[in-house]
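Structure first, then comments.
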Amino acid sequence: MKSIVIYFSQTGNTEKAARAIQAGITQVTGQCDLQEMRDTNPLRLKDYDLIGLGAPVFEGCPKNVLQFVRRLRFVGGKHAFSFCTHGTSYDQFYPLLFPALAGRGLSVIGSADWYGNCYLLHMPQPYPTAGHPDVTDLEEA
C-alpha cells in the first residue's frame, strides 16, 4: 500500500499534525510520503492507495485546498482521509471538503481535528487553544 499525507499549513499547527500522522502510518505500513500541498502535483497522485489531506480552518475550508482537490485527476477506488487544525469552529470544513473529495472518486474513510494555537485580534491572549497541538494531540494524530 502506497500512502501520502499532503498538508497546507499557515502557522505550523497543521504541519505538526501531518508529521505525526505520517510517522504513525509509516510505523504501521512501512511507507508514507509527506508533502506540502504547494509542492504536490494533484495530477500525479494516481499511484497512491491512501491520500491524506490536512489544512487549517478559516472561513470554512480554505479556497486553495478546494482548488487543489478539484484539480485532482479522477482517482476512483482510492481511499482518503482528512484532518484539520482550528482555533474556533470547524463546522464548515468537512461539509465543503468531503463532497469535493468524493467528486474526484475518493472514498473518504476518516477524519480528525485538533485545536491549534491561534491569534485572533478581537480575542484576549493567550487564546484558550494556546500550546496546541500539544503532545497529547500529536500522539492521537
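One line per residue, one yes/no per condition, for (1) acidic (Asp, Glu); (2) outside any helix (DSSP H, G or I); (3) within 22 Å of LYS16 (Cβ to Cβ); (4) without any contact (Cβ under 8 Å) to a residue 60 or more places away in the chain:
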{"site": "PHE58", "(1), (2), (3), (4)": "no, yes, yes, yes"}
{"site": "CYS61", "(1), (2), (3), (4)": "no, yes, yes, yes"}
{"site": "VAL65", "(1), (2), (3), (4)": "no, no, yes, yes"}
{"site": "GLY76", "(1), (2), (3), (4)": "no, yes, no, yes"}
{"site": "ALA80", "(1), (2), (3), (4)": "no, yes, yes, yes"}
{"site": "PHE83", "(1), (2), (3), (4)": "no, yes, yes, no"}
{"site": "LEU97", "(1), (2), (3), (4)": "no, no, yes, yes"}
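Across region 99-110, what is the total count of residues that are in a strand (DSSP E or B) and more than 14 Å from the chain's Cα centre (by Cα)? Looking only at that region, the number is 1.
Only one entry in THR40, THR11, THR26 is surrounded by 15 or more Cβ atoms within 10 Å (Cβ to Cβ) and under 21 Å from PRO133 (Cβ atoms), namely THR26.
Please state which one of SER89, SER107, SER111 is open to solvent by 20 Å² or more (accessible area, probe 1.4 Å) and modelled with pLDDT under 90. Reasoning before the result, please.
Numbers: SER107 fails: modelled with pLDDT under 90; SER111 fails: modelled with pLDDT under 90.
None of the other options fit; the residue is SER89.
Hey, does region 114-121 have a residue that's under 15 Å from the mean Cα position of the chain (by Cα), at pLDDT below 90 and under 22 Å from ALA20 (Cβ atoms)? Yes: one or more hits. Taken as a whole, the condition of being among the polar types (S, T, N, Q), at pLDDT 95 or above and open to solvent by 60 Å² or more (accessible area, probe 1.4 Å) does not apply to GLN31. Considering only region 40-57, I want to know if a residue exists there that is over 12 Å from the mean Cα position of the chain (by Cα), among the basic types (Lys, Arg), more than 20 Å from GLU140 (Cβ to Cβ) and at pLDDT 95 or above. No, region 40-57 contains no residue that is over 12 Å from the mean Cα position of the chain (by Cα), among the basic types (Lys, Arg), more than 20 Å from GLU140 (Cβ to Cβ) and at pLDDT 95 or above.
The values are calculated or read from the model by the stated rules, or taken from the named source; none is laboratory data. Computed from a prediction, not measured in an experiment: that's the story for all the values here. Quick reminder, even Gly has a Cβ in these numbers, built from the backbone with ideal geometry, and neighbours come from all protein chains shown. Ligands, DNA and RNA are excluded from the accessible area calculation, which covers all protein heavy atoms including side chains. Shrake-Rupley method; radii C 1.70, N 1.55, O 1.52, S 1.80 Å.
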